[in-house]
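Notes for the one structure printed next.
The values are calculated or read from the model by the stated rules, or taken from the named source; none is laboratory data. It should be emphasised that the depicted structure is a prediction, and the values quoted were computed from it without experimental measurement. Cβ sites come from the backbone with ideal geometry, for glycine too, and all protein chains shown count toward neighbours.
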């Protein structure tokens, strides 16, 4: 399967409070949210976006190795896993995952050496935020 979680520490979990350990540099405050970034030992860059109320509403990843997706997506990982399995059963092994269900939008793609994706909770977006301008 294209997208298997690799045992690397994630940052905060989608829907939870930001991880203080995941902020080696001061977070970027953009008026509506804060952005915390971390580069894993593998070289994978993870960014978490949190509302000013302190809840992570979006995460992104890009790098040579997948981050710990169960840890990063938290309770939303089951939706991702089901979508990936549906694609595999339909004959799309290794295909990108595009998921829009149960309050979650997730896009994941890649191959060995270059994985990328993002996930966000539409209901948790700060008012006035254009998510398309924020995410890659």
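Output the residues belonging to the range 55-78 that are touching a helix residue (DSSP H, G or I) at 6+ places or on another chain (Cβ under 8 Å) and either over 18 Å from residue 110 (Cα atoms) or in a helix (DSSP H, G or I) (or both). Steps first, please.
First, pick out the residues of the range 55-78 that are touching a helix residue (DSSP H, G or I) at 6+ places or on another chain (Cβ under 8 Å): 55, 57-59, 61, 69-70, 73, 77.
Hits for the range 55-78 are 55, 57, 58, 69, 70, 73, 77.
Every residue in the range 19-38 that is surrounded by 12 or more Cβ atoms within 10 Å (Cβ to Cβ) and either over 13 Å from the mean Cα position of the chain (by Cα) or at pLDDT below 65 (or both), please. Break it down into steps so the answer makes sense when it comes.
Quick first cut of the range 19-38, residues surrounded by 12 or more Cβ atoms within 10 Å (Cβ to Cβ) only: 19, 22-23, 27-28, 30, 32-38.
Selection gives 19, 22, 23, 27, 28, 30, 32, 33, 34.
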Would a scan of the range 80-102 turn up a residue that is under 18 Å from residue 18 (Cα atoms) and buried (at least 19 other Cβ atoms within 10 Å of the Cβ)? no
